There are 10 protein chains.
Amino acid sequence: MTTKPARTLDPIPNPYPGRDYEIFVEAPEFTTLCPKTGQPDFGTLTFRYTPGPFIIELKSLKLYLWSFRDEGHFHEEVTNLIADDFIRHAQPKQLEVVGRYNVRGGISTTVRVQYP
Amino acid sequence: MTTKPARTLDPIPNPYPGRDYEIFVEAPEFTTLCPKTGQPDFGTLTFRYTPGPFIIELKSLKLYLWSFRDEGHFHEEVTNLIADDFIRHAQPKQLEVVGRYNVRGGISTTVRVQYP
Amino acid sequence: MTTKPARTLDPIPNPYPGRDYEIFVEAPEFTTLCPKTGQPDFGTLTFRYTPGPFIIELKSLKLYLWSFRDEGHFHEEVTNLIADDFIRHAQPKQLEVVGRYNVRGGISTTVRVQYP
Amino acid sequence: MTTKPARTLDPIPNPYPGRDYEIFVEAPEFTTLCPKTGQPDFGTLTFRYTPGPFIIELKSLKLYLWSFRDEGHFHEEVTNLIADDFIRHAQPKQLEVVGRYNVRGGISTTVRVQYP
Amino acid sequence: MTTKPARTLDPIPNPYPGRDYEIFVEAPEFTTLCPKTGQPDFGTLTFRYTPGPFIIELKSLKLYLWSFRDEGHFHEEVTNLIADDFIRHAQPKQLEVVGRYNVRGGISTTVRVQYP
Amino acid sequence: MTTKPARTLDPIPNPYPGRDYEIFVEAPEFTTLCPKTGQPDFGTLTFRYTPGPFIIELKSLKLYLWSFRDEGHFHEEVTNLIADDFIRHAQPKQLEVVGRYNVRGGISTTVRVQYP
Amino acid sequence: MTTKPARTLDPIPNPYPGRDYEIFVEAPEFTTLCPKTGQPDFGTLTFRYTPGPFIIELKSLKLYLWSFRDEGHFHEEVTNLIADDFIRHAQPKQLEVVGRYNVRGGISTTVRVQYP
Amino acid sequence: MTTKPARTLDPIPNPYPGRDYEIFVEAPEFTTLCPKTGQPDFGTLTFRYTPGPFIIELKSLKLYLWSFRDEGHFHEEVTNLIADDFIRHAQPKQLEVVGRYNVRGGISTTVRVQYP
Amino acid sequence: MTTKPARTLDPIPNPYPGRDYEIFVEAPEFTTLCPKTGQPDFGTLTFRYTPGPFIIELKSLKLYLWSFRDEGHFHEEVTNLIADDFIRHAQPKQLEVVGRYNVRGGISTTVRVQYP
Amino acid sequence: MTTKPARTLDPIPNPYPGRDYEIFVEAPEFTTLCPKTGQPDFGTLTFRYTPGPFIIELKSLKLYLWSFRDEGHFHEEVTNLIADDFIRHAQPKQLEVVGRYNVRGGISTTVRVQYP
């Protein structure tokens, strides 16, 4: 039951390549482990992008996010890493990835990455 | 009772053609079928436009949106398709169509199309 | 794509039959047709029950609610009908079904059925 | 009791004519009749303006809005008409009139007029 | 366009007379005239009832509420009057009528009538 | 107990004069009298400013706002008057004063003054 | 302009004396002076009552509350005093008076009086 | 500046001893230290009581809560301890003390004490 | 980094055993795996209890909830199982455990267990 | 238990130095003492920055903010001071520090510092 899913983001052809439009995806069920303590971290990831040749298939995005469940990551690092993966697979014209992470020690953190 | 309504958007003359103003329409009762699984999808469509020669009659907009009830559509495709239909019938000076679709697999999607 | 699903509510054995506890289920994507005009109606259905020998499997509940999509129903009638079906299949010790239906003609309606 | 009030917007001298400042007025109790069905429509009107020589006396605004109570008007037309009246009487440097109208047929409409 | 609608509340047979259930109806577009000043008053009326032999048809309720549009009424009086009419036509087992009226002179008023 | 406080706004030296920063102050307990009817008016005043040589001591601001309690003022006039006093005493680089006044006759008013 | 209004609560005959019903009145613009410091206090007063022979005329309630504007009162004392006055003038079958007073020293106070 | 205030709750005579009424006090600025780690904890304390011979003077309550600022306390213990102090000083007929403490380790805690 | 924590709930002596009071704990970061699909489920668990001889140490509760991260569980089963564990370790006088689980297939589920 | 923590902000290497991205940190548990009265002040501090060579380790930020607990500070001064410390330790490309302080005397204050 704990098999780690493959880390894939499946691109599918943009159904309206002739027009610049915006897709916004919100995934509130993102969890990793703290690389220092090994304890679970929780957050919400959002993607706002203007697709280029591809859009990202949502089921593959769900599985991709799931693949971080058992890994240790710092918030700043994992948000940038996910942005890199998204850029590589989707080749978007514009992209904003935002990770909002839950309160730890009375402090909450949000990381926002913009491309290009 | 399940007769499919004609896919029409009735243009009526813009009552104030001499001035650029903005009309915002919110239709929270939009439903289609998922083209992969055949199961119902739900969302809210909004239209923000600066009318040109025409405004869109609201009853025809209601019937137009209803006409998608039994069809399979991807979110990205149907939002662009509706924008195209709106542009063709209303010939607006500016238009923004936004489709906000409900959570599937823990992820929600919003598609935003702007014209020109 | 428009095949009507079977109207089933699959009971599965209550995993904790020795204790009275409460299950609350919210299904905000319920749609029927108006029996007078044939136009779509939209609403949210909630179920609050103390299970007897069975609980209701959620996927079958989703399909069950979907089966009303192309049928004409009055709000008062369909909420009671759904309560009857739920009682017959789940044999709950207690049940409350609430249907909240969207505004029509400037007026919104909520129907609440309690059992026993 | 149903005497129709005079359609007047009383200008009074701007008490601070030497400075550009902004006045925002919200009137949530606006009602007309639908010109097609004769049935009541309801909405909220807001005015945001930079006064020129005059500001509009609020009691006259209340009576002015009241004067539409028994008249048939489309949303797009009446919002522009009210903007025209406001411009003629107040001679503002800038004006934005927004009319937000209640849901009809599952769809709500907002009309926004800007001057100049 | 200003023809006053007949003051009717059409009873239709209760589709589930064998069970006590609750119907809640919210009508946020209620307006009368102040009997002292003749100026418009605005409010929201809600009905919560356990039907007896009849339920009230919603379109007739809309027209019924509309029939007060040009009449002068005090809040306390009209809420009770409407409850009386509802009781006479629907013969409910239980009824609660609540009228929430907008701010006048910095003060807002709510009237709640319960039957029996 | 009803002694009117002196109308003063005490400037104190800006503790960080070498940097432009912003101070936002919200005072929700502002009351005057209507100059027409003598009846009380209520509102919220906010100040957003980039300090120059001075910042305004908060206790003196509280007393200053209190000094209007027994005076008759129109909303447009008093908001500008307060902005003038603030500018004279604090000599800010930038200032925005907003007065939001409560509903009267179903209509609410907001006045916004910007400097320079 | 600062003439203190007479402290009166005008009873008018209950228009539906044969039925017990509830009236709820909310007055968010109540202000007194602190008896210790002489500085203004602010709060919201609500009245929930089942009328006996009388209901309270709203304009007299507004003037009555206004009459406290220049007097020093503790929260606990003035809420009870107002309840006493209301009981004496309106002779209600039941009454609840609640005063919610704004934050002072980081602490807010609410006083609730019930009768009988 | 860090002198610890005396731990006092000053009772003052109940101004309406002949009637049972309720006082609700909300103090959102409560802070202690964690007895395990020495790090600050934060929370909101509320008191709901029916006064007996005394009410508690608010300034002394503010100072009393302040006196815990440099002490180590568990949430369950300090809420009960404060209730005990309140009962001893105010001799209330009824009392409910609720402490809502901020999230620690992804978990928040509320403690509710009732008397008698 | 993925070592599974021990499933423990550490009881510590109730610091106020002589009084019945209530503790409410909210843990919004609960995640398991779906026993059918192996995919992650997310929810919020709350505990409301009147302690007997023990209260539950919060850090052990955090670790306890974490121990379900890699296990497959149905919502109804795991909520009851957790209630059983809590009862066994804390021996509370009263307990309510509520699990609110995120939307799946457009439907959300809440399970509420009460003891005794 | 009241040992004052060292005033440190630990910089750690920016894990993605090749890209400009934004980090937003919210710390709602900030408390100092009023330099005039010695009484506690409370507020929320937020940091929005584009990291240069370093990001700030969150635990050190928590301890840093804690170090102000027993010191007297004016709102305007401490917000600027904290911005200075943050700039010195983190060397950010851009920074906005906002301090929102609780109501005192019916007035709340927010201070916003931007760099460069």
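The values are calculated or read from the model by the stated rules, or taken from the named source; none is laboratory data. Computed from a predicted structure; not experimentally measured. As a convention, Cβ positions derive from the backbone with ideal geometry for all residues, glycine included, and neighbour counts pool all protein chains shown.
Of a type outside the set (D, E, K, R) and over 16 Å from J:Pro11 (Cα atoms): is that true of J:Leu95 in this structure?
no
For segment H:66-116, what are the residues that are of a type in the set (A, V, I, L, M), assigned to a strand (DSSP E or B) and either within 24 Å of J:Arg69 (Cβ to Cβ) or within 10 Å of chain I (Cβ to nearest Cβ) (or both)?
H:Val97, H:Val98, H:Val103, H:Ile107, H:Val111, H:Val113
Pick from segment H:61-82 the residues that are surrounded by 21 or more Cβ atoms within 10 Å (Cβ to Cβ) and of a type in the set (Ser, Thr, Tyr): which of them is farthest from H:Ile12 (Cα to Cα)?
Restricting to residues being surrounded by 21 or more Cβ atoms within 10 Å (Cβ to Cβ) and of a type in the set (Ser, Thr, Tyr), the top hit is H:Thr79.
Please verify whether segment B:25-39 includes one or more residues that are at pLDDT 95 or above, farther than 25 Å from C:Lys36 by Cα and part of a strand (DSSP E or B).
Among the residues of segment B:25-39, at least one is at pLDDT 95 or above, farther than 25 Å from C:Lys36 by Cα and part of a strand (DSSP E or B), which makes the answer yes.
Given the criteria surrounded by 21 or more Cβ atoms within 10 Å (Cβ to Cβ) and either touching a helix residue (DSSP H, G or I) at 6+ places or on another chain (Cβ under 7 Å) or of a type in the set (Lys, Arg) (or both), does C:Phe47 qualify?
Judged against the criteria, C:Phe47 is a match.
Checking the conditions here, which among B:Tyr64, B:Tyr49 is touching a strand residue (DSSP E or B) at 6+ places or on another chain (Cβ under 8 Å) and either within 26 Å of D:Glu76 (Cβ to Cβ) or of a type in the set (A, V, I, L, M) (or both)?
None of the other options fit; the residue is B:Tyr49.
Which of the residues that make up segment I:79-116 are more than 12 Å from the chain's Cα centre (by Cα) and of a type in the set (Phe, Trp, Tyr)?
I:Tyr101, I:Tyr115
Using beta carbons and a limit of 7 Å, which pairs, at least six apart or on different chains, have the first residue in segment J:29-57 and more than 19 Å from J:Gly99 (Cβ to Cβ) and the second one in a loop (DSSP other than H, G, I, E, B) and acidic (Asp, Glu)?
What qualifies is J:Thr50/J:Asp20; J:Glu57/J:Asp10.
Among (1) over 16 Å from the mean Cα position of the chain (by Cα); (2) in a strand (DSSP E or B); (3) among the small types (Gly, Ala, Ser), which single condition is F:Gly43 missing?
(1)
Tally the residues that are buried (at least 19 other Cβ atoms within 10 Å of the Cβ) and either of a type in the set (D, E, K, R) or out of contact with any helix residue (DSSP H, G or I) (no Cβ under 8 Å at 6 or more places or on another chain) (or both), restricting the search to segment J:83-95.
Selection size over segment J:83-95: 3.
For the condition touching a helix residue (DSSP H, G or I) at 6+ places or on another chain (Cβ under 8 Å) and among the aromatic types (Phe, Trp, Tyr), what is the one hit in F:Phe74, F:Phe24, F:Phe54?
Checking each option against the conditions leaves just F:Phe54.
Just give me the residues in segment I:54-80 being over 19 Å from I:Gly38 (Cα atoms) and of a type outside the set (Asp, Glu), in sequence order.
Residues satisfying the conditions are I:Phe54, I:Ile55, I:Ile56, I:Leu58, I:Lys59, I:Ser60, I:Leu61, I:Lys62, I:Leu63, I:Tyr64, I:Asn80.
Would you check which residues across segment E:38-79 are of a type in the set (Gly, Ala, Ser) and more than 29 Å from G:Leu58 (Cβ to Cβ) and list them?
Once the filter is applied, which keeps residues that are of a type in the set (Gly, Ala, Ser) and more than 29 Å from G:Leu58 (Cβ to Cβ), segment E:38-79 yields E:Gly52, E:Ser60.
Give C:Gly52, C:Gly38, C:Gly72, C:Gly18 a once-over and let me know the one that is more than 11 Å from the chain's Cα centre (by Cα) and at positive phi.
That would be C:Gly38, the only listed residue that is more than 11 Å from the chain's Cα centre (by Cα) and at positive phi.
I want to confirm something. Restricting to segment G:5-41 and keeping residues that are in contact with a Pro (Cβ under 8 Å, 6 or more places away or on another chain) and either more than 19 Å from G:His73 (Cα to Cα) or of a type in the set (Phe, Trp, Tyr) (or both), which single residue is farthest from the other protein chains (Cβ to nearest Cβ)?
Looking at residues that are in contact with a Pro (Cβ under 8 Å, 6 or more places away or on another chain) and either more than 19 Å from G:His73 (Cα to Cα) or of a type in the set (Phe, Trp, Tyr) (or both), I get G:Pro11.
Taking the criterion of being farther than 30 Å from B:Leu95 by Cβ and either away from chain B (no Cβ under 13 Å) or assigned to a loop (DSSP other than H, G, I, E, B) (or both), would at least one residue in segment A:46-64 satisfy it?
no
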